[in-house]
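The values are calculated or read from the model by the stated rules, or taken from the named source; none is laboratory data. What you are looking at is a predicted structure, and each value in this text was computed from that prediction instead of being measured. Virtual Cβ from ideal backbone geometry, glycine too; neighbours counted across all protein chains shown. Keep in mind that these areas ignore ligands, DNA and RNA; they rest on the heavy atoms of the full protein, side chains included. Shrake-Rupley method; radii C 1.70, N 1.55, O 1.52, S 1.80 Å.
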Amino acid sequence: MDTADYSKAYFSGDMLFDILLKTTPDQIYFKDRNSRFLRCSQKQATWLGATNEEELWGKTDFDFFSAEHSNRAFFDEQQIIATGIPLINIEERETFEDGSSRWITTSKWPLLNDRQEILGTFGVSRDITDKKKAEHALRAKQTFMANMSHEIRTPMNAILGLSKLLMKTSLDNTQRDYLQTIVSSGQNLLVIINDILDVSKIESGKLRFEKIGMKLEQLVTMTIAGFQQKAEEKGIALKYSIDPRISPVHLSDPVRIGQVLNNLVSNATKFTDKGYVSVTCSLVEKNEDVEVVQFTVSDTGIGMNDTSRIFNSFEQENNTVTRKYGGTGLGLAICSQLVNQFHGTIDVKSLHGRGTTFTVVLPLQVGCESDIARHDDALHSHEVLAGKRVLVVDDVEINTFLAKMFLESWKATVDTAHNGHMAIQKIKNYPYDIVLMDMQMPEMDGLTATRYIRTTLRNDLPIIALTANALKEEEEACLEAGMNDFLAKPFEDTVLLRKILRLLQLRCDAVAAAMVTTPATEGRYSLDQLIRLSDGDQAVYQELLGKFLKGIPQHVQEIKDYARLNDLPSLRHKAHSLKSPVSFLCIPAAVAILQELEKGSLEHDPEKHQISIAQLDELLTGIVEELKEKLP
């Protein structure tokens with residue numbers, strides 16, 4: 001008997017259909033013109049709480065789901081019957097009569113007979129609840145980590161700013177070395193924070209690695225210097241040695257390698273109360289232009305008996321270690337992942353009460369002296385943007401004024417616009433070299449304006465996004481809209497200038513170093529940025545301060561007005577706008593309140609919401625009145 005005869009004898013169409021309905025993992029259902037169940041899969045019957053499909057025959061969605069969902073499903077099916085047009089891969093939330101709900105993806109088609117007449121509908125649904133929960137959890141985690149990154153950067157900015165201010169004063173060589181160590185460590189930490197706190201990058205292996213000239217000896221000595229004081233306080237020795245056969249220059253990522261070394265030396269110093277901590281760099285082998293270098297970090301500290309889980313996230317040997325020494329147990333997991341990205345290895349040997357030795361082996365490409373970037377601490381020229389025309393687009397006057405001050409100090413010609421519509425009109429009429437575009441503006445936001453510039457005007461001039469939102473999603477949205485770069489407010493002027501120079505393909509060897517000041521976090525406010533921006537010009541200082549003192553009370557009054565009218569969207573937008581000038585004056589208490597107002601996290605409690613606005617009003621009114629005394 002051939003295959004065709006065998007199939008005809010033993011498997012009728014109905015039998016195959018019944019087997020399909022009983023075994024498929026999907027919800028399959030057939031309905032008449034009144035949306036009543038005709039047949040369904042066993043999965044669908046179980047989904048609706050039935051033992052078998054016969055219990056569903058003649059029933060409708062109204063017998064199982066909420067009225068809202070049932071009405072929507074009924075409408076969709078009647079539309080399919082009327083038009084013959086199917087619905088494909090629609091994600092929807094099914095809410096049952098008891099209030100519980102699940103997410104599904106659904107496709108529905110017209111049910112046809114042999115004469116192509118529509119008898120009803122049939123559909124296929126699949127449960128995607130777990131997928132939606134995972135997506136929601138990932139978004140929540142990314143948002144939390146991005147916000148945490150922003151909060152951690154604030155004190156680090158203060159450390160860097162004060163250090164760089166001190167660098168401009170009279171210092172002896174030892175003091176300058178100490179300060180340079182602080183600045184270098186702080187800059188590395190900022191880079192690391194931006195990536196590490198974005199957990200999705202670590203989990204997906206998408207951390208960006210540079211390949212630039214670096215000196216291992218300098219990297220090791222800077223690492224040691226960062227822990228020297230702590231070691232002296234504990235009375236332990238901190239020493240290092242470097243194999244003289246190792247080449248002086250390599251091409252790699254000094255920030256990432258420094259991150260690994262800092263983590264290992266930090267742990268060794270923390271867990272060692274007597275004896276020493278040592279760092280040794282040895283040449284393992286050399287193949288043409290690649291050297292295999294072994295970094296050994298040893299200590300005579302408390303040691304461990306069990307190292308099997310030491311490279312797992314949030315793991316320490318036991319809870320006693322956590323209580324006594326602190327820490328999250330995340331550092332070594334990050335080290336392991338970074339070393340793997342370098343195609344290297346990391347191992348540990350330890351004995352309780354005798355100490356620990358970590359060994360990291362990395363392949364490093366040999367470089368030469370010309371690969372080392374040269375940096376000059378002096379600003380060679382203030383006129384780096386002479387002859388360039390820049391458009392600044394922002395609806396907050398103080399923001400446009402600040403940007404204009406920075407740009408004009410670099411001799412650029414600056415125009416301003418207060419929303420996307422104005423920006424588009426100006427771009428139609430004038431040939432700008434670059435645009436600085438805010439995101440949240442009335443009438444037309446920055447994303448919409450950028451899409452119009454790219455698609456309708458077909459203009460590819462460089463556009464840098466300026467926003468008070470530091471979320472990764474915001475940056476991705478900006479780049480997707482067609483912007484060339486992204487900068488979170490409040491920003492360092494040197495960072496802005498670097499981005500402008502890069503996009504304009506200009507060269508300036510030392511613009512970066514001499515122009516950074518970040519406000520201190522101590523006290524109610526700081527005028528450091530105003531003083532630095534005015535560059536000793538009293539008239540400019542008074543004009544800038546006057547604009548702050550005029551603009552801030554207006555913003556606060558508008559927030560109070562929107563609260564009285566219960567116009568919460570406008571209130572959140574105004575809080576977002578006020579964050580920039582308040583951050584520029586470094587008023588941390590006000591920034592914290594504005595962040596809460598912008599997120600709307602207190603709107604569920606009107607009393608607390610109103611109290612926050614009153615506190616903001618009182619705080620900023622007091623500071624404004626105090627600062628008015630500084631004006632003539």
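Some observations on this one:
- For region 78-92, the condition holds for no residue, the condition being that it is in a helix (DSSP H, G or I), open to solvent by less than 50 Å² (accessible area, probe 1.4 Å) and within 26 Å of Asp130 (Cβ to Cβ).
- Scoring Phe209 on the criteria (1) in contact with a Lys or Arg (Cβ under 8 Å, 6 or more places away or on another chain); (2) of a type outside the set (Val, Ile, Thr); (3) not in a loop (DSSP other than H, G, I, E, B) leaves a single failure, condition (3).
- Of the residues making up region 1-35, those that are surrounded by 10 or more Cβ atoms within 10 Å (Cβ to Cβ), at pLDDT below 85 and either among the charged types (D, E, K, R) or closer than 20 Å to Trp109 by Cβ (or both) are Lys8, Leu16, Phe17, Asp18.
- One residue stands out among those in region 114-126 that are under 16 Å from Thr83 (Cα atoms) and without any contact (Cβ under 8 Å) to a residue 12 or more places away in the chain: the one that is most open to solvent (accessible area, probe 1.4 Å), which is Gln116.
- Which listed residue is farther than 16 Å from Gly226 by Cβ and open to solvent by less than 20 Å² (accessible area, probe 1.4 Å), from Ser252, Ser282: Ser252
- Gln180 vs. criteria outside any strand (DSSP E or B), modelled with pLDDT of 85 or more and open to solvent by 50 Å² or more (accessible area, probe 1.4 Å): no
- The lone exception for Met405 - which of (1) at pLDDT below 85; (2) closer than 24 Å to Gln505 by Cα; (3) not in a helix (DSSP H, G or I) it fails: (3)
- Unique residue being under 41 Å from the mean Cα position of the chain (by Cα) and under 27 Å from Thr23 (Cα atoms) when the list is Thr51, Thr46, Thr106, Thr121: Thr106
- In this structure, Ala412 does not qualify as closer than 17 Å to Cys478 by Cα and either open to solvent by 30 Å² or more (accessible area, probe 1.4 Å) or out of contact with any Cys (no Cβ under 8 Å at 6 or more places or on another chain) (or both).
Conditions (1) under 30 Å from Ser370 (Cβ atoms); (2) modelled with pLDDT of 85 or more; (3) among the aliphatic types (A, V, I, L, M), marked per residue:
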site: Thr223; (1), (2), (3): yes, yes, no
site: Gln229; (1), (2), (3): no, no, no
site: His250; (1), (2), (3): yes, yes, no
site: Lys270; (1), (2), (3): no, yes, no
site: Val279; (1), (2), (3): yes, yes, yes
site: Val321; (1), (2), (3): no, no, yes
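- The set of residues in region 287-312 that are open to solvent by 50 Å² or more (accessible area, probe 1.4 Å) and assigned to a loop (DSSP other than H, G, I, E, B) comprises Glu288, Asp289, Ile302, Asn305, Asp306, Ser308, Arg309, Phe311, Asn312.
- Complete set of residues in region 127-138 that are assigned to a helix (DSSP H, G or I) and either among the acidic types (Asp, Glu) or surrounded by fewer than 12 Cβ atoms within 10 Å (Cβ to Cβ) (or both): Asp130, Lys133, Ala134, Glu135, His136, Ala137
- Which numbered condition Gly355 fails, given (1) over 30 Å from Val183 (Cα atoms); (2) at pLDDT below 85; (3) in contact with a strand residue (DSSP E or B) (Cβ under 7 Å, 6 or more places away or on another chain): (2)
- Within region 183-221, if we keep just the residues that are touching a Gly at 6+ places or on another chain (Cβ under 8 Å) and open to solvent by 30 Å² or more (accessible area, probe 1.4 Å), the residue that is modelled with the highest pLDDT turns out to be Ser185.
- Residue in region 551-561 that is at pLDDT below 85 and either open to solvent by 20 Å² or more (accessible area, probe 1.4 Å) or part of a helix (DSSP H, G or I) (or both) present: yes
- Pairs with Cβ under 9 Å, 6+ apart, first in region 235-262 and closer than 14 Å to Leu219 by Cα and part of a helix (DSSP H, G or I), second among the acidic types (Asp, Glu) and open to solvent by 10 Å² or more (accessible area, probe 1.4 Å): Pro254/Glu210; Val255/Glu210; Arg256/Glu210
- Glu97 vs. criteria of a type in the set (Asp, Glu), touching a residue at least 24 places away in the same chain (Cβ under 8 Å) and open to solvent by 80 Å² or more (accessible area, probe 1.4 Å): yes
- Residue in region 584-597 that is free of Cβ contacts under 8 Å to residues at least 12 places away in the same chain and either open to solvent by less than 60 Å² (accessible area, probe 1.4 Å) or out of contact with any helix residue (DSSP H, G or I) (no Cβ under 8 Å at 6 or more places or on another chain) (or both) present: yes
- Yes/no for Val392 being under 27 Å from the mean Cα position of the chain (by Cα), assigned to a strand (DSSP E or B) and at pLDDT 85 or above: yes
- Here Ser266 meets the list (1) surrounded by fewer than 20 Cβ atoms within 10 Å (Cβ to Cβ); (2) over 28 Å from the mean Cα position of the chain (by Cα); (3) closer than 17 Å to Ile334 by Cβ almost entirely, failing just condition (2).
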